[in-house]
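Taking it in order: structure first as structure tokens, then the write-up.
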Amino acid sequence: MFHDRDEAANILAEALKGYKGKHPLVLAIPRGAVPMAKIIAHKLDGEFDVVLVRKLRAPDYPELAIGSIDESGWTYIADHAASVGADSEYIKAEKQKQMVTISQRRAQYTPVRPPIDPAGRIVIVIDDGLATGATMISALHGLRNRKPLRLICAIPVSPPETLRKIRPLADEVVCLDTPDNFRAVGQFYVDFPQVEDEEVIAVLQT
């Protein structure tokens with residue numbers, strides 16, 4: 001159990017201290033991981049940015065991920081998508097909606113500069129926890145195509161079965177806890193407020 005995201009970030013930074021002095025690029029999956037990635041980048045003397053990916057939502061169950069999409073449009077579709085009513089037409093429409101959101105967020109988050117290029121860099125991708133792992137899958141896939149020197153996934157908590165899906169996509173996975181009784185990421189934090197766009201923008205500007 002973590003008190004809040006700041007505590008989780010500080011513990012993750014300690015687990016990642018081998019990268020201090022190597023100028024890693026620490027990328028947050030918005031929105032919850034953004035304040036965490038800022039802390040970790042500072043402690044590792046690295047650089048900080050966001051990697052934009054979006055969950056594809058199940059019909060009638062928006063909290064359930066049926067897949068994810070990255071900024072390039074590459075899409076991951078989970079095995080259970082069809083069983084919850086996500087046919088090809090639904091998925092096409094949902095992809096379009098999420099690409100609009102990604103474009104809007106890029107315009108909001110980094111309006112005066114392009115994303116930092118991960119090519120040839122040690123890249124550490126941060127989230128505040130994994131459930132299905134859908135957005136992390138898209139983030140790692142998209143970043144791998146951009147030729148980082150080393151690609152690391154770092155999270156405070158994940159169910160074991162999700163971590164098994166993630167491991168082949170990264171050169172290293174750092175996860176602080178893999179409980180079997182996993183229901184939602186928020187159950188492992190005492191204080192787990194929603195992170196709003198305004199906070200993300202403020203963190204990126206500091």
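Only beta bridges with both residues in the chain are counted; by DSSP, about 30 percent of them are antiparallel. A simple count of charges around E94, restricted to other residues whose Cβ falls under 11 Å of its Cβ and scoring Lys, Arg +1 and Asp, Glu -1, yields +4. Where a Cα-Cα gap under 20 Å defines reach, which lysines qualify for K55, not counting those fewer than 8 residues away within the same chain? Straight-line reach from K55, under 20 Å: K92, K95, K97, K165. Please compute the contact order of segment 54-109 in relative form: average sequence separation of alpha-carbon pairs under 8 Å and at least six residues apart, divided by the residue count, as a percent. Relative contact order comes out at 34 percent. For segment 54-109, the pair-distance distribution built from all alpha carbon pairs, in bins 5 Å wide starting at 0, is 4, 22, 32, 22, 13, 5, 2, 0 percent.
Given an 8 Å cut-off on Cα distances and at least 6 residues of separation, report the relative contact order of segment 60-146 as a percent. Relative contact order for segment 60-146 comes out at 43 percent.
Computed on the chain, with alpha-carbon pairs under 8 angstrom and 6+ residues apart, the relative contact order is 25 percent. In terms of its alpha-carbon gyration tensor, segment 81-158 comes out oblate; a/c meets the 1.5 threshold, while b/c is at least as large as a/b. Here is the tail figure for segment 27-140: Cα pairs spaced more than 20 Å apart come to 43 percent of all pairs. Spacing of the modelled spin labels on D180 and R167, each 7 Å from Cα toward Cβ, amounts to 1.7 nm.
Candidate cross-link partners of K38 among the lysines, defined by an alpha-carbon separation under 19 Å and a same-chain spacing of 8 or more, comprise K17, K20, K22. With 5 Å bins beginning at zero, the pair-distance distribution over Cα atoms of the chain amounts to 1, 8, 16, 20, 22, 17, 11, 4, 1, 0 %.
A short reminder: the numbers here are calculations on the coordinates, not readings from a lab. From a predicted model like this one, the values you see are computed outputs, not experimental measurements. Using ideal geometry, Cβ is built from the backbone for each residue, glycine included, and neighbour counts are taken over all protein chains shown.
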